[in-house]
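Trainee: Take a look at this one; I'll ask things after.
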Amino acid sequence: MSFHNLELNSAMLRAVKRAGYTEPTPIQTRAIPQILQGRDLIGCAQTGSGKTAAFALPILQMLDPVPGRRPVRVLVLAPTRELAAQINDEFGKFSRDSSLRSAAIYGGVGQQPQVDALKRGVDVLAATPGRLLDLMNQQFIHLNRIEYFVLDEADRMLDMGFIHDVKRVIKRLPEKRQTMLFSATMPPAVQELSRSMLIDPVKVEANPQATTVESIAQSIYFVESGNKRALLKHILRDPASERVLVFTRTKHRANNLAKQLNRARIPAEAIHGNKSQTARTRALAQFKSGRTAVLVATDIAARGLDIDAVTHVINFDLPNIPESYVHRIGRTARAGASGIAYSFCDVSERKYLPEIEALIRKPIAVVSEHPYVSAIEAPGPAATVNTPPNGKGRRRRQRSRGGRQRRSA
Ligand code: AMP
């Protein structure tokens with residue numbers, strides 16, 4: 001498949017070429033022609049699938065520059081500041097040849113530069129709901145001329161409690177518009193929202209979920225919680241651990257872990273919602289440039305981060321929501337690259353494993369040879385003693401023996 005088969009015009013084909021994309025991703029192949037036909041669309045795709053270009057390219061192609069004072073005609077709602085900034089960057093990248101202008105609107109920074117940009121006139125807005133509503137209430141933004149509306153990462157938006165804000169925004173949009181909703185997962189709440197905001201949508205499911213997951217070498221380390229830090233340091237000492245994204249359950253744990261690593265002379269930064277925007281941007285830039293090898297993040301902070309070439313994702317804490325596992329490890333297999341994902345699992349987290357394995361439709365190989373093997377899972381009689389009566393432990397133990405054994409350092 002080539003971008004030439006997707007009905008993109010020469011300006012967009014040039015933009016794609018300039019971005020260095022040689023082949024469309026599955027979501028792009030399926031979504032671009034439908035959007036160009038004017039259809040409302042539900043895109044089942046996660047970050048890393050190339051979904052931003054899947055909506056940005058056709059929208060930009062359909063958007064003619066207007067003379068005079070330009071009204072906002074494209075609104076993309078995103079759950080996080082980083083994602084809004086990235087979406088704005090993508091639009092900017094693809095519209096460099098045209099006179100179209102885009103801006104990002106998000107909280108945590110002063111509003112004046114955003115207001116100034118709005119006053120100069122923008123065609124495309126990528127915004128988080130809070131600041132958008134704020135600026136709407138102050139009459140700096142009017143949505144009555146919106147032609148294209150994209151709700152990005154709808155599942156996360158709902159998880160983060162933005163449902164009422166989203167509905168408030170939708171109420172202000174003109175009825176006549178083209179709407180696109182993207183979501184990595186389709187829980188009932190997202191389906192309900194999509195029914196209320198889309199008209200006769202076409203559903204495109206380029207879910208690389210399975211394939212992305214397929215190309216990632218995943219393994220699990222059974223470890224006592226008190227030994228997780230030591231195990232992490234042990235793994236990070238491997239020179240192959242070049243650029244590592246570590247996930248923790250809470251902001252507090254992210255901060256503490258980054259501090260501990262720095263103390264052990266492993267340059268690390270934490271990124272989470274309590275950090276100022278400047279601090280987050282700096283941490284991200286340091287990581288992208290390779291100055292810090294380790295970024296410790298919480299789920300919410302990591303949503304939508306566009307970080308290329310992450311060599312490892314490490315789940316320091318196993319997520320209790322199986323979809324989060326897929327989101328997290330997807331960071332190491334961006335746009336076709338393969339990656340490595342390690343998950344630490346202590347006794348209390350064991351209960352999350354079956355659902356995760358059900359979602360990815362395969363068992364995760366157990367690393368049974370590492371210096372901090374949890375006594376419960378260690379080969380030998382201890383494991384047998386602790387085999388739970390439901391047989392799950394036995395299954396896992398057999399796998400751990402027969403499973404792929406990676407060197408952990
Ligand atoms: P997204 O899912 O939109 O966050 O995109 C993930 C990453 O893939 C971004 O860094 C994009 O620039 C990149 N990307 C998007 N489409 C393509 C493509 N067709 N070929 C290569 N990289 C792409």
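The values are calculated or read from the model by the stated rules, or taken from the named source; none is laboratory data. Just so you know, these numbers come straight off a predicted model, no measurement behind them. Backbone-built Cβ (ideal geometry, glycine too); neighbour counts: all protein chains shown.
Trainee: Which of the residues that make up the range 105-154 are closer than 15 Å to F91 by Cβ and of a type in the set (D, E)?
Mentor: D123, E147, D152
Trainee: Also, I was wondering about something else. In the range 74-124, which residue that is over 21 Å from Q138 (Cα atoms) and either in contact with a Ser or Thr (Cβ under 6 Å, 6 or more places away or on another chain) or not assigned by TED's automatic domain parsing to the domain that holds A56 (or both) is surrounded by the fewest Cβ atoms within 10 Å (Cβ to Cβ)?
Mentor: G92
Trainee: Something else about it: Just a yes or no: is a residue in the range 132-151 within 16 Å of the ligand (Cβ to nearest atom) and outside any helix (DSSP H, G or I)?
Mentor: Scanning the range 132-151, I find at least one residue that is within 16 Å of the ligand (Cβ to nearest atom) and outside any helix (DSSP H, G or I), so the answer is yes.
Trainee: Still on this structure, I have one more. Taking the range 1-17 as the region of interest, how many residues are within 13 Å of the ligand (Cβ to nearest atom) and not in a helix (DSSP H, G or I)?
Mentor: Within the range 1-17, residues that are within 13 Å of the ligand (Cβ to nearest atom) and not in a helix (DSSP H, G or I) number 3.
Trainee: Is it the case that some residue within the range 18-31 is closer than 23 Å to I170 by Cα, of a type outside the set (D, E) and either within 16 Å of the ligand (Cβ to nearest atom) or crowded, with 16+ Cβ neighbours inside 10 Å (or both)?
Mentor: Yes, some residue in the range 18-31 is closer than 23 Å to I170 by Cα, of a type outside the set (D, E) and either within 16 Å of the ligand (Cβ to nearest atom) or crowded, with 16+ Cβ neighbours inside 10 Å (or both).
Trainee: Let me ask you something else. Mind checking which residues of the range 312-356 are at pLDDT below 90, more than 19 Å from A297 (Cβ to Cβ) and acidic (D, E)?
Mentor: Selection gives E355 alone.
Trainee: Let me ask you something else. With the condition kept exactly as written, say whether any residue in the range 208-228 is in the same structural domain as L295 (by TED's automatic domain parsing), crowded, with 18+ Cβ neighbours inside 10 Å and charged (D, E, K, R).
Mentor: Checked against the condition, which is being in the same structural domain as L295 (by TED's automatic domain parsing), crowded, with 18+ Cβ neighbours inside 10 Å and charged (D, E, K, R), the range 208-228 yields at least one hit.
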